[in-house]
Amino acid sequence: MLRYSQCERAKTLAVTLRMAIFRSSVLMVIACLTLASGCVRLPNTGQTSLRPNSLSELREYLLSHNADLEQFRLRGPFAVAVHKDYELRLTATERINTDLYLSSPAEKAPLVIFLHGYDSSKEAHSFQAMHVASWGMHCLALQLPNKGQWTSNARTLATIVNFIYRSPQTIDSRIDVNKIILVGHSFGGSSVAMTLAEGTRAAGGILLDPAAVGKDLPEFLRRINTPVMLLGADEHLSVARNRDYFYRFIRSGIAEVSIKDATHEDAQYPSESSLQTFGSDVETTEELQITFVSALTSAAFSLSATGKFDYAWTSFADVLKNGKFFNAKKK
């Protein structure tokens, strides 16, 4: 009887273990599905009460009222059509994997192009792109090599911008080619800066806690003559490599602010770490990621609507006063 009991307990333990493995597998699948749907399921930021009939009406309203960063924390008034893994065909042989976010207004609208950083992906900017698109700006998130090819990525980015400028209808006829804005995170910021330095047909750039490498980068930065906004993390917590290069070497037209308590990974949303660990990233907080995206949206609107970042800079006034933003400088 004793041997029989031990055998039965062993069988019971084996069944329990198999069930635990099964439940774990199910939970992992659910986590993967939740993550996969994250690009279209927005966080609970709430939605603006504005109900414009067109992008022009929204632009006119915002520019005629006090610039307020808080309003850009809310999801915008426009619906967004998402095209995951959209293949951008530059030539018969050169194709780029992207995610495309098309805002609903019928009239022509700006295009914001996102480039990820080191060891990262286009998915790390999915919420940012969705949020910006809800405010009437089409968005394109690129997947380029993510290890050490920042100069090569800059050339590819320039090719993409010039291609879209010549043939916007290959993506969408509603793209305003005179309002293409480049956004780069981390080392992707270096690629954006180098692309701007080469005189690419872009209105300007927004750098999300950029990192810099390469002895030639200062010379590239000196050649930039389009507006640049640098949205930085809190350098007391995380320091992006050579971030100071951008403000130091860009001669004029650059503005910079830091976001208190934000880390380098907060400049993504979701972060690449959370994508790789099914939603968990101790280096980020949703509140600070939303702060980054609200500043990004204000900056993109400002540049697209006025050709400058003055509107966005004005919208930062309250958060600079209360200390949420600091280290503000521009030239």
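The values are calculated or read from the model by the stated rules, or taken from the named source; none is laboratory data. Not measured: the values here are computed from a predicted model. Cβ placement follows ideal geometry from the backbone for every residue including glycine, while neighbour counts extend to all protein chains displayed.
Here are the numbers for the structure shown:
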{"read-out": "Any hit, the stretch 167-180, residues being crowded, with 24+ Cβ neighbours inside 10 Å, closer than 16 Å to Met137 by Cβ, hydrophobic (A, V, I, L, M, F, W, C) and in contact with a helix residue (DSSP H, G or I) (Cβ under 8 Å, 6 or more places away or on another chain)", "value": "yes"}
{"read-out": "Hey, Tyr247 of a type outside the set (A, V, I, L, M, F, W, C) and outside any helix (DSSP H, G or I) or not", "value": "no"}
{"read-out": "Test for Thr200: is it closer than 18 Å to Arg155 by Cα and part of a loop (DSSP other than H, G, I, E, B)", "value": "yes"}
{"read-out": "The stretch 130-145, subset in a helix (DSSP H, G or I) and touching a Ser or Thr at 6+ places or on another chain (Cβ under 8 Å), residue farthest from Leu182 (Cα to Cα)", "value": "Ser134"}
{"read-out": "Residue that is nearest to Ala305 (Cα to Cα) [pool: residues in the stretch 125-149 that are among the small types (Gly, Ala, Ser) and crowded, with 24+ Cβ neighbours inside 10 Å]", "value": "Gly136"}
{"read-out": "Residue check for Gly148: within 28 Å of Phe72 (Cβ to Cβ) and either part of a loop (DSSP other than H, G, I, E, B) or not assigned by TED's automatic domain parsing to the domain that holds Ile96 (or both)", "value": "no"}
{"read-out": "Residue within the stretch 230-241 that is assigned by TED's automatic domain parsing to the domain that holds Gly189, crowded, with 16+ Cβ neighbours inside 10 Å and in a helix (DSSP H, G or I) present", "value": "no"}
{"read-out": "Lone unmet requirement of (1) surrounded by 11 or more Cβ atoms within 10 Å (Cβ to Cβ); (2) at pLDDT 50 or above for Cys32", "value": "(2)"}
{"read-out": "Total residues in the stretch 89-109, condition under 19 Å from Leu58 (Cα atoms), touching a Phe, Trp or Tyr at 6+ places or on another chain (Cβ under 9 Å) and not in a strand (DSSP E or B)", "value": "2"}
{"read-out": "Matching entry among Leu296, Leu303 (being under 14 Å from His131 (Cα atoms), in a helix (DSSP H, G or I) and in contact with a strand residue (DSSP E or B) (Cβ under 8 Å, 6 or more places away or on another chain))", "value": "Leu296"}
{"read-out": "Of all residues in the stretch 63-113 being more than 22 Å from the chain's Cα centre (by Cα) and closer than 24 Å to Val319 by Cα, the one that is surrounded by the most Cβ atoms within 10 Å (Cβ to Cβ)", "value": "Leu63"}
{"read-out": "Residues (surrounded by 22 or more Cβ atoms within 10 Å (Cβ to Cβ) and farther than 17 Å from Gly46 by Cα) located in the stretch 275-303", "value": "Thr284, Leu296, Ala299, Ala300, Phe301, Ser302, Leu303"}
{"read-out": "Any chance Ser152 is surrounded by 24 or more Cβ atoms within 10 Å (Cβ to Cβ), out of contact with any Cys (no Cβ under 9 Å at 6 or more places or on another chain) and of a type in the set (Ser, Thr, Tyr)", "value": "no"}
{"read-out": "Hits in the stretch 94-123 - residues which are among the aromatic types (Phe, Trp, Tyr) and under 26 Å from Gly307 (Cβ atoms)", "value": "Tyr101, Phe114"}
{"read-out": "Residue check for Arg248: in the same structural domain as Leu196 (by TED's automatic domain parsing), crowded, with 17+ Cβ neighbours inside 10 Å, more than 17 Å from the chain's Cα centre (by Cα) and not hydrophobic (A, V, I, L, M, F, W, C)", "value": "no"}
{"read-out": "Residue under evaluation Lys329, criteria (1) out of contact with any helix residue (DSSP H, G or I) (no Cβ under 8 Å at 6 or more places or on another chain); (2) loosely packed, with under 15 Cβ neighbours inside 10 Å; (3) modelled with pLDDT of 95 or more, criterion not met", "value": "(1)"}
{"read-out": "Scope the stretch 251-272; condition farther than 22 Å from Ala317 by Cβ and surrounded by 18 or more Cβ atoms within 10 Å (Cβ to Cβ); matching residues", "value": "Thr263, His264, Glu265, Gln268, Tyr269, Pro270, Ser271, Glu272"}
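Residue by residue, here is whether (1) within 20 Å of Ser274 (Cα to Cα); (2) among the β-branched types (Val, Ile, Thr); (3) at pLDDT 95 or above holds:
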{"residue": "Gln71", "(1), (2), (3)": "no, no, yes"}
{"residue": "Leu74", "(1), (2), (3)": "no, no, yes"}
{"residue": "Ser103", "(1), (2), (3)": "no, no, yes"}
{"residue": "Ser121", "(1), (2), (3)": "yes, no, yes"}
{"residue": "Val132", "(1), (2), (3)": "no, yes, yes"}
{"residue": "Met137", "(1), (2), (3)": "no, no, yes"}
{"residue": "Leu142", "(1), (2), (3)": "yes, no, yes"}
{"residue": "Asn146", "(1), (2), (3)": "yes, no, no"}
